[in-house]
1. Condition test on residue D:74, is it part of a helix (DSSP H, G or I), in contact (Cβ under 8 Å) with a residue 12 or more places away in the chain, within 16 Å of ligand 2 (Cβ to nearest atom) and farther than 24 Å from residue D:251 by Cα?
2. Identify all residues within the range A:18-39 that are crowded, with 22+ Cβ neighbours inside 10 Å and either within 24 Å of residue D:263 (Cα to Cα) or outside the structural domain of residue A:87 (by TED's automatic domain parsing) (or both); write none if there are none.
3. Mind checking which residues of the range C:305-341 are exposed (fewer than 14 other Cβ atoms within 10 Å of the Cβ), in a helix (DSSP H, G or I) and within 14 Å of chain A (Cβ to nearest Cβ)?
4. Filter the range B:46-87 down to residues that are crowded, with 24+ Cβ neighbours inside 10 Å and out of contact with any helix residue (DSSP H, G or I) (no Cβ under 7 Å at 6 or more places or on another chain) and give me whichever is farthest from residue B:19 (Cα to Cα).
5. Among the listed residues D:180, D:166, D:170, identify the single one that is under 24 Å from residue C:165 (Cα atoms) and within 13 Å of ligand 4 (Cβ to nearest atom).
6. Among the candidates D:194, D:204, D:138, single out the residue that is within 15 Å of ligand 2 (Cβ to nearest atom) and closer than 22 Å to residue B:82 by Cβ.
7. Of the conditions (1) within 16 Å of ligand 2 (Cβ to nearest atom); (2) more than 16 Å from residue C:243 (Cβ to Cβ), residue C:181 satisfies every one except a single condition; which number is it?
8. Consider residue D:261 against the criteria (1) more than 30 Å from residue B:107 (Cβ to Cβ); (2) assigned by TED's automatic domain parsing to the domain that holds residue D:94: it satisfies all of them except one. Which criterion is unmet?
Ligand SMILES: Cc1ncc(C[n+]2csc(CCOP(=O)(O)OP(=O)(O)O)c2C)c(N)n1
Ligand SMILES: Cc1ncc(C[n+]2csc(CCOP(=O)(O)OP(=O)(O)O)c2C)c(N)n1
Ligand SMILES: [Mg+2]
Ligand SMILES: [Mg+2]
């Protein structure tokens, strides 16, 4: 699937921008819009320069209304376009929730396949940037619980690009969540050409034998730091980047847990009724007899993400991950 | 907590109506509204007769807008009233989702306790009534995942009344989900007076030793039928009615599983990222060493609830519950 | 343009014939040949017959909840007479005339109300969306389609329906606003049938009418007598031409009355009175049009016979729906995604195992 | 009533003094004594100073993202001059004048922007909600409060703010509609500062102005020069009186301009030009009012000195905020519910165990 081999160093923001640029250039049915997504290029500059390059009819600002952004994108998708819409923040996806749940997820099923809804809804998510209320949410479990959606979360520039291109090309609607905390924090060599990464496939980042750690988004970086601590402590960790929350790659997870017998799940969202719960359910259903310790969720409290002064209590840190890895391994 | 001892046979609809009636009579700050909730008494007649009795200022029709129904109720709750609002169906709670998630759940925390939001959002939920699309949803996991909400689901007229009165008297906001399928299907002797049932407490309906079955809402009745089959097969089942989805009564569940070593969870919602997943997580976290078989979710498919002709495939039936109980016990 | 002459701010209603079928404004009457008029009347009559039979099928327990259109036929039949094949219909659920004109069959509609999603897989209705039940949400889809039309420089119009109650939902305003900003070819119709289930329109908004809501979005709006086929025809003609010519969206409030119940589960006697119903009965769109045709002497057919023929047709389609391939387990899973994820395959297989167990137990 | 004389349909703007401080319409000028005028000017000045300092505190890294009010001071200071203690302020985030008038302290505001929720626990601001960030959602809370006021027969008014961008959200329309139907005492102000972050108001809606949106809900609307304290004062006076008297809600569009950035994270040069900024600078509400006072000869104080005093006060409050009790783990959990559920207690205990482990590891 890899295209030409020229590489450039990119941040996650640049990689997504690059993916959008490639698809806009290649496919006239792709349009990009959202609040401040046109002239300004988005509050995080993810769509920067795209309007200048591809024209105001293809990359543009919309009025301030998330339900309308999603709802009109559905109409476009049903009538032949491939809209990629930006919702400005995780916490502002909720005014669009009805359109997402009641229509985006259902057009294909409702019309028995007569209509598809090839649209991408992308938004920055997650905490750790000292933001205002509603700007630090991790709502992936909400969207993953809705039948008919696919939920994708990249953790690196490379993956972000490949997954975004795959998302735009998918005939299923995609919720594309971007870990804003690492928008610019990680730089990576990324292939300049077109390539895709399959939606629905997790990735084993580090092989290990003592315990499986599953994470995604900005938490991958925290886990990698924890892995350094674990290594020092002589613990061999298998780290898996989930990459797609639904459809979840059970096989990769379960195979790993069958090997290690232990699992620690790391994510930012509140613990209860979360992706962590689902992963625990999966390993129970598929690898019960291999479990040698209780699966552990290292996740956010069941609280609102605190404002900046209190956020450090909430955010999962490498030492906390290591602490739980150690406890699980020593169970 | 029980009041006078006169009893009447009530359906679930009548019991909720009775609870509203009692609180309207007793507390002038209680107001009740929603689409068709006034003159008509609601499409399911839950608020029937209340406008006539308590006046049009206290029980009334609202314009057709769920976000406004919830949003105005917040304003009322912050300024001294105790609104009980009706959203017409589970699938029509989503236009109100932003207000619920962004405000109902957060006013207390946002204002550091300066403002409380004592409101009740009630709606019929669940399948099995041959309804149109969006009329058969079970979104409890969505609401339970939102920090700041409490989610209550009764399964009998008695509980519905006691829980509703408790909900109205609670200073925390309550999502009150009513199993529409058994709105009129179950009749029960209910105390005519005022009584409350504590929010956050599950109830052991049947004691047993071989396996714990946890369910709620309309699924309790299906489980009870399955228990008859189980008994014939010589299986002793402990049946627990969850009653509150959040805060979940871990103690009751965990104690039971410590005794039986096995758990089957029955609910209508799609399986993935569900209350079932959370219950599995809980028993792993709290009773891992007692588990003798993989916890089992008997839940809806990860699909849209099919229309009438296909709904029988989706709905959980007693024989399916029994089948899974038997498999779990024989693991 | 009539849109300029009937400023909703003055609360005028555009009307061409009165309840007796008498022409009120000859100058504005559309130039229609007799055949077209008769065709429209027949379309209304067919819709009425289909509707009445649907209600009785439901009563017989052969179909689930059904929302009749009775009394509102002129509106969507007029739209059907104006639209082109490529125009996009974004329906709500009470514009049967437009559905049929689009090519949706009664068989499909019945199939849907029998509880089979396959009824929304319209085999012959080009550019027609299935019904989006959450009130007013569909209007945004029409605006998105309008954007596609404009972007791809197509010669099409999207036309969308909503009820009086639906104007209270945020999505209604967002749709009109986006359509205005984007200047897309969308014709919005509010079927103001006076009630949203039990709630009368006077409890729905304080605005003097619903057409005036167009002001807030800088688009033309007009209030039309929705039980007057000719007025609706003229309004639609202008609206479609205006939108198609690239002038942007248009809002039509069609004043009408739901003769029947909200759905077969509803009992209107709870919330409306006989006097009101009788008053509106005089403005029944079929009666008015028939009176008009009688005065012109252009209606020669035996209506009883026609109705009999229609009934046979409706019956035939109903039976076809009843004899439709039985619902399969596969139908539950098949269309959730373009390709079935492993997770769904697994759930399906597990269910099949249960079915096998069940079978063996007997 | 000026609301009748300035019909938004004719796109008129209610204005009382021009950019040079010259009175345009003496007859409509409010009957204010010098002291009141000076007090209002000082309130604007204090807000301006506080805002400028807030921006620089943020630049120094002592505070997080802050949204300045600069240029919009007349609007909320006028509201502050009209409101009674019991009236309810439902804020958005750019009406500092009204916050201060309500009794919110700069210390609280700074504390909030330092990232401490305790800043929203207003100790002295009676009937004032904390900021609801999701755009336009707060308007519905005001309508609910309006219902309480009406239901409990109180002599209060709820007044709520929203931006030009916020008028596009469905909640804006739903709020105005419910307020109209319920006829509740709510005064809505749209601060039309020409931009929603980078998006100009002409890309936000096709309507000729924003006040005209009132038409769709059957409530009075008026467009006012928001940089003219006197016009805003008169408009608010009438609006509060009207609402308090039980006549229902009112919509005011206050035309203004955001002099600064959207927030300290924003760079307006990306989307607006100098000419426009300079044009609006001439209409700065402080300058206009000062010119007015100068012409009247009522402003005698040494402004430099006053500003110095204000700066000291702002500094003092800022330092108080900086020295506020450190954030505790408890603060994360404590206010989620009236009583802490076991689940949260358990999470807190587990975290404390981790902290102990961490401590011991050192
Ligand atoms: C978002 C949403 N809320 C509630 C409903 C339930 N509901 C179905 S039809 C209806 C009334 C619709 O009234 P109106 O828009 O006037 O259309 P009419 O039925 O009169 O044609 C309601 C409340 C729904 N379908 N969607
Ligand atoms: C529902 C929602 N969507 C997006 C945002 C992000 N956001 C914050 S302010 C703003 C622009 C607001 O513009 P306007 O209403 O004109 O107010 P102004 O900032 O100009 O005072 C946006 C889009 C938000 N806070 N809430
Ligand atoms: Mg209606
Ligand atoms: Mg603005």
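The values are calculated or read from the model by the stated rules, or taken from the named source; none is laboratory data. All values derive from a computational prediction rather than experimental measurement. Neighbour counts run over all protein chains shown; Cβ positions are idealised from the backbone, glycine included.
1. On the way: part of a helix (DSSP H, G or I): yes; in contact (Cβ under 8 Å) with a residue 12 or more places away in the chain: yes; within 16 Å of ligand 2 (Cβ to nearest atom): yes; farther than 24 Å from residue D:251 by Cα: no.
Taking the combined requirement at face value, the residue does not satisfy it.
2. A:33, A:34, A:35, A:36, A:37, A:38
3. Scanning the range C:305-341 gives a single hit, C:330.
4. The extreme case among them is B:77.
5. Working: D:180 fails: within 13 Å of ligand 4 (Cβ to nearest atom); D:170 fails: within 13 Å of ligand 4 (Cβ to nearest atom).
Every option except D:166 fails the conditions.
6. On the way: D:194 fails: closer than 22 Å to residue B:82 by Cβ; D:204 fails: closer than 22 Å to residue B:82 by Cβ.
After ruling out the rest, the residue left standing is D:138.
7. (2)
8. So the condition that residue D:261 fails would be (1).
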